[in-house]
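Worksheet: the structure to be examined is printed underneath.
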Amino acid sequence: MTEEASGLPHQPGSQWYDNEAGPLVRPYAMTGGRTKPGPSDVRFDLIALVTLDGSAPGPGDDSTLGPEHRTLIELCRTETQSVAELAAGADLPVGVVRVLLGDLVESGCVKVSRPVPPAQLPDEMILREVIDGLRAL
């Protein structure tokens, strides 16, 4: 089997590139081997909403953030996004995104909020009564 047919690198010194998969960077390399999003008490459910904080660095700012952190910041720059949307937009596994978001929360770059649970939403009957009352005015 040739190197090209096996999908292995075909150039000497190109061990971080696979012909079929593209660049090879393992998730644990992006997170420094961490699997949990740090000591923060924020839950990173798939539907948790991530908003850019005013103290987030701009595109040209020199900081200690890695390229994956910057990608998540840029995705949040246009609008609030869920953890699932960020994972899809950054083309990263959700577990990696959770760890990276933990870093961003601790550094004050982003805020994470949870959507209102359905149990806390007003009952449909109450809303209908309010609408009926407004129509009666």
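In this structure, does VAL130 turn out to be at pLDDT 85 or above, within 21 Å of ARG34 (Cα to Cα) and either surrounded by fewer than 12 Cβ atoms within 10 Å (Cβ to Cβ) or of a type in the set (A, V, I, L, M) (or both)? Working first, answer last.
Working: at pLDDT 85 or above: yes; within 21 Å of ARG34 (Cα to Cα): no; either surrounded by fewer than 12 Cβ atoms within 10 Å (Cβ to Cβ) or of a type in the set (A, V, I, L, M) (or both): yes.
No, not satisfied.
Would you please list the contacts, defined by Cβ atoms under 6 Å and residues six or more apart or on different chains, that run from a residue in the range 43-59 that is farther than 13 Å from LEU72 by Cα to a residue that is modelled with pLDDT of 85 or more and not β-branched (Val, Ile, Thr)?
Taking only residues 6 or more apart or on different chains, the pairs are PHE44/ARG98; PHE44/LEU101; LEU46/ALA84; ILE47/SER82.
Within the set of pairs 6+ apart or on separate chains, which have a first residue in the range 94-106 that is in a helix (DSSP H, G or I), a second that is of a type in the set (S, T, N, Q), and C-beta atoms under 8 Å apart?
Going by the 8 Å Cβ cut-off, the qualifying pairs are GLY95/THR35; VAL96/THR31; VAL99/THR31; VAL99/THR35; LEU100/THR31; GLY102/SER40; VAL105/SER40; GLU106/SER40.
Suppose we filter the range 107-127 for residues that are modelled with pLDDT under 80 and part of a helix (DSSP H, G or I); how many remain?
Residues that pass the stated criteria total 3.
The values are calculated or read from the model by the stated rules, or taken from the named source; none is laboratory data. Since the structure is predicted, the reported quantities are computational estimates derived from the model, not experimental observations. Glycine also receives a Cβ, built like all others from the backbone with ideal geometry; neighbour counts cover every protein chain displayed.
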